[in-house]
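Beneath this line is the structure, given in structure tokens, with notes to follow.
The values are calculated or read from the model by the stated rules, or taken from the named source; none is laboratory data. None of the values given here were measured: they were computed from a predicted structure. Neighbour counts run over all protein chains shown; Cβ positions are idealised from the backbone, glycine included. Each accessible area value is taken on the protein alone, full model and side chains, heavy atoms only, with ligands, DNA and RNA left out. Shrake-Rupley method; radii C 1.70, N 1.55, O 1.52, S 1.80 Å.
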Amino acid sequence: MLSGKQVVLGVTGGIAAYKAVELCRLFVKDGANVRVILTAAAKQFVMPLTFQTVSGNRVYDDLFAGSQLYAVDHVGLAQGADLILIAPATANCLGKLAAGIADDLLTTTLLAADCPVLLAPAMNTKMFENLAVQENLERLVLRGYSIVQPVEGELACGSCGGGRLAPLDVIFAEAKSLLSPVTELKGIRLLVTAGPTREAIDPVRYLTNHSSGKMGYAVAQAAAEQGAEVTLVSGPVTLPTPAGVKIVQVTTAQEMYAAVLSLYPQMDVVVKTAAVADYRPAGVQETKIKKDGDMILSLVRTPDILAELGKYKQNQVLVGFAAETDNLRENALAKLFRKNLELIVANDLTEDGAGFNTDTNVVKLYFKDGQEKQLARMSKLAVAREIISEIKRIMNIAKEIL
Ligand code: PMT
């Protein structure tokens, strides 16, 4: 039931606009409060009065009209929404969103929103397949928008092909899952490591790597979203801690080792996303090293935290990452078995948009049972959600065997 949920339904100008009336009814029937925004083109297809009657609320169709309810309509509508759904979303609407154009009530509302946004495109097949539309969709996905892909079928133009609005029950189910997130990981204790470590050379210099922490923080967020009790052991990064996540700050590999090992016995799952320095200077100079010709720095190994966890594993699910520039599969599988993991997430650093300090990642998952799964380029949060869903699958399998 969606009672108490505030849904903004944006309707843009395509023939499928008439189907949005039924969609509105589904939300209302399930208890949601629906506020409808119509674009000027949508009003060519459906009367505002139809949506007003079905939703039980006045319809919003003018950026400058002003209502009794909000001081500023587009900000009020955006901030009050638990979900914004655009169905149908025309090519024009997708293009404006991708470009950040805000020239009417719907597009300004979307720019002011920080709730989940679900887009249900519908248009002629050729229009949908047009590279401009596909690139716009890709950009919107990278920004965290959810898309219900159109389906094949008869189109208003008389042709048959892709671009038809997805079935209403599919759009409704997707919207519901965004409105009522699953809490399947409730009671599960999950430890994530993120970021780089810093290994001091002297009081002003250190060894480190390019990790920003984005991937690990996304894993922590995705696990917390599903109700897990998440502890994030983080190297030095500048990211905000995701909501509901307990943070333990560390600097060196040795500190990360101590923090992770002490928490390990209480954990059900450990995801080691951190890029831990493999070496540290043999000794830290107490005073700043002076420039005096070439210098040879003597390095010693840091503890391999994940290998240690693999050694002392009880029932924990262990997930590692591998950042590789060559022989991705061979290197990832070697780490999977040597460190006794259930799953290793391999980033191919030669791929565009993969690896260190990017907002996206391109990864391949290698499982202990021999399965492999390539994920497309997507935002780090979307990758994290995929990893969490694989962890749930592994945990269910483990329960079945027990
Ligand atoms: O932080 P971002 O900018 O978002 O970048 C994300 C990332 C590229 C850092 C991340 O996706 C990633 O690949 N992390 C692991 C990088 C790495 O150090 O891989 P590795 O092959 O050196 O190590 C393999 C595994 O062993 C990792 O899970 C690592 O955490 C762990 N390890 C490594 C060395 C060590 N001394 N202790 C460890 O536990």
Among residues of the stretch 204-235 being open to solvent by 40 Å² or more (accessible area, probe 1.4 Å) and over 19 Å from the mean Cα position of the chain (by Cα), the residue nearest to ALA382 (Cα to Cα) is HIS210
Among the residues of the stretch 303-324, how many are under 24 Å from ASN361 (Cβ atoms) and within 10 Å of the ligand (Cβ to nearest atom)?
13
Among (1) of a type in the set (Val, Ile, Thr); (2) assigned to a helix (DSSP H, G or I); (3) surrounded by fewer than 19 Cβ atoms within 10 Å (Cβ to Cβ); (4) modelled with pLDDT of 95 or more, the one test that ILE101 misses:
(2)
Tell me which residues, restricted to the stretch 187-233, are more than 16 Å from the ligand (Cβ to nearest atom) and in a loop (DSSP other than H, G, I, E, B).
GLY187, ILE188, PRO203, VAL204, GLN226, GLY227, ALA228
Scanning for something part of a helix (DSSP H, G or I), open to solvent by 20 Å² or more (accessible area, probe 1.4 Å) and either in contact with a Gly (Cβ under 9 Å, 6 or more places away or on another chain) or β-branched (Val, Ile, Thr) (or both), does the stretch 27-34 turn up at least one residue?
yes
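Here are some residues: VAL271, VAL300. Which one is of a type in the set (Val, Ile, Thr), surrounded by fewer than 20 Cβ atoms within 10 Å (Cβ to Cβ) and within 16 Å of the ligand (Cβ to nearest atom)?
Answer to the selection: VAL300.
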Residue count for the stretch 253-292, restricted to those that are touching a residue at least 40 places away in the same chain (Cβ under 8 Å), assigned to a helix (DSSP H, G or I), out of contact with any Ser or Thr (no Cβ under 9 Å at 6 or more places or on another chain) and hydroxyl-bearing (Ser, Thr, Tyr)
1
What are the pairs, 6+ residues apart or on separate chains, where a residue within the stretch 295-319 that is among the aromatic types (Phe, Trp, Tyr) has its Cβ under 9 Å from a residue that is open to solvent by 50 Å² or more (accessible area, probe 1.4 Å)?
TYR312/PRO265
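Determine which member of the set LEU185, LEU165 is surrounded by 21 or more Cβ atoms within 10 Å (Cβ to Cβ) and out of contact with any strand residue (DSSP E or B) (no Cβ under 6 Å at 6 or more places or on another chain).
On the way: LEU165 fails: out of contact with any strand residue (DSSP E or B) (no Cβ under 6 Å at 6 or more places or on another chain).
Exactly one residue qualifies, and that residue is LEU185.
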Does GLY56 meet the test of being out of contact with any Cys (no Cβ under 8 Å at 6 or more places or on another chain), at pLDDT 85 or above and either surrounded by fewer than 20 Cβ atoms within 10 Å (Cβ to Cβ) or not assigned by TED's automatic domain parsing to the domain that holds VAL133 (or both)?
yes
Condition test on ALA243, is it modelled with pLDDT of 95 or more and in contact with a helix residue (DSSP H, G or I) (Cβ under 7 Å, 6 or more places away or on another chain)?
no
Among the residues of the stretch 354-384, write down those that are of a type outside the set (A, V, I, L, M, F, W, C), modelled with pLDDT of 95 or more and surrounded by 14 or more Cβ atoms within 10 Å (Cβ to Cβ).
GLY355, LYS364, TYR366, LYS368
Considering each of ARG329, ARG338 in turn, give the residue that is open to solvent by 50 Å² or more (accessible area, probe 1.4 Å) and under 29 Å from ALA200 (Cβ atoms).
ARG338
Any residue at all in the stretch 334-343 that's part of a strand (DSSP E or B) and within 12 Å of the ligand (Cβ to nearest atom)?
yes
From the option list GLN68, GLN134, single residue qualifying as over 23 Å from LEU2 (Cα atoms), within 24 Å of the chain's Cα centre (by Cα), open to solvent by 60 Å² or more (accessible area, probe 1.4 Å) and of a type in the set (S, T, N, Q) is GLN134
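One residue is enough: does the stretch 369-384 have a residue meeting the conditions within 23 Å of GLN266 (Cβ to Cβ) and part of a loop (DSSP other than H, G, I, E, B)?
No, because not a single residue in the stretch 369-384 is within 23 Å of GLN266 (Cβ to Cβ) and part of a loop (DSSP other than H, G, I, E, B).
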